1. Kindly indicate whether residue 225 is at pLDDT 75 or above, assigned to a helix (DSSP H, G or I) and polar (S, T, N, Q).
2. Of the residues in the stretch 28-63, how many are assigned to a loop (DSSP other than H, G, I, E, B) and either free of Cβ contacts under 8 Å to residues at least 60 places away in the same chain or within 26 Å of the chain's Cα centre (by Cα) (or both)?
3. Would it be correct to say that residue 142 is acidic (Asp, Glu), on the phi < 0 side of the Ramachandran plot and under 32 Å from the mean Cα position of the chain (by Cα)?
4. Applying the selection to the stretch 6-15, what residues are touching a residue at least 24 places away in the same chain (Cβ under 8 Å) and either among the β-branched types (Val, Ile, Thr) or open to solvent by 10 Å² or more (accessible area, probe 1.4 Å) (or both)?
Amino acid sequence: MGPKCDKAAQYQFDNSAFNVTREQAIEWVNKVLEHDFEDVEDMSMRGSEWCQLVHFCTIPEEGIVDIEKVQFQQKLDRQQVDTNYEILKCALARLGVDCPFLEGKEEELKMGCYSEAIDFLHWLKHFVQYMGAPMYSHPKDDREEVLTKQHEAERTRVAGAKKAQEQSVRRATRGGVSRRATHPRVETNRAAPKTRLRDTTNTVQPRATKAASAGAPPQVVEGYQRKVSELEAELASNQELLQRLATSFDRTFKNVNQFLSSSDVHPEVTQHVGYMLQNFMAN
């Protein structure tokens, strides 16, 4: 345990921390973290600022807060918020600190409930100030550095997945070619006719059938068959959508005609709307 851990183990909360107003607490956070929050609920629904405040008062070399895993994106999903709160709990556990305003109240904090959020902020402000002077002075730069590393790691992961997929496709393709090469076509002595009437009864052959007749690997045939099924389902869905759109258009034009036939409509309005409808139908 380092000096900061030893000091944190002796921490005791003082109810005088509640004497700080909401505005004063938010102003303190913005000053410490170089941020611009207006509501404590926003901080609570993110959790990243809680982690950075704990990191702010500890020695980075001790690794109390796994700051490079904290999610600082502008918009966070529920999984990212859960990650931030897990990092926060682990950091407090490493420091040997029990927080009565965090244990059993995580869901309320993640939902941004005001009473739980302001109580936890009061506790965290009191704890950070008790721990002493900050160990670094550029929190905004630290956030941007973490985001840059996370984006680079994500790009590397996506590029690796894409490369692996391309290699898998190339292996499957080479496997299909080699299988066809091992089964050469058997030549016959019968000469092919110079001209032949084209059979138009079955001019379009499904690609899956063509692949199977050409001796393609089973996985390739299955892939084609699955793609054909997906396209057929998509076609049926689009046809249903077009039918609904046609019904909707008919209903709309009927309502417009009823409106134009009303005696309360000015003739110029009727003429103008009719002109608009003609242009719409022409396009």
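1. Details: at pLDDT 75 or above: yes; assigned to a helix (DSSP H, G or I): yes; polar (S, T, N, Q): yes.
Here the answer is yes, as residue 225 does meet what is asked.
2. Filtering the stretch 28-63 for residues assigned to a loop (DSSP other than H, G, I, E, B) gives 34-39, 45-47, 57-59, 63.
Filter again for either free of Cβ contacts under 8 Å to residues at least 60 places away in the same chain or within 26 Å of the chain's Cα centre (by Cα) (or both), leaving 35-39, 45-47, 63.
Looking only at that region, the number is 9.
3. Numbers: acidic (Asp, Glu): yes; on the phi < 0 side of the Ramachandran plot: yes; under 32 Å from the mean Cα position of the chain (by Cα): yes.
So residue 142 passes the test.
4. Taking the stretch 6-15 and keeping what is touching a residue at least 24 places away in the same chain (Cβ under 8 Å), we get 7-9, 11, 13-14.
7, 9, 11, 13, 14, listed by residue number.
One line per residue, one yes/no per condition, for (1) closer than 21 Å to residue 149 by Cβ; (2) open to solvent by 40 Å² or more (accessible area, probe 1.4 Å); (3) modelled with pLDDT under 95:
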| position | (1), (2), (3) |
| --- | --- |
| 33 | yes, no, yes |
| 36 | no, yes, yes |
| 40 | no, no, no |
| 63 | yes, no, yes |
| 66 | yes, yes, yes |
| 82 | yes, yes, no |
| 86 | yes, yes, no |
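The values are calculated or read from the model by the stated rules, or taken from the named source; none is laboratory data. As the structure is a prediction and not an experimental result, all values here were calculated from the model. Cβ coordinates were reconstructed from backbone atoms using ideal geometry, including for glycine residues, and neighbour counts include every protein chain displayed. Accessible surface is based on the protein model in full, side chains and every heavy atom, while ligands, DNA and RNA are left aside. Shrake-Rupley method; radii C 1.70, N 1.55, O 1.52, S 1.80 Å.
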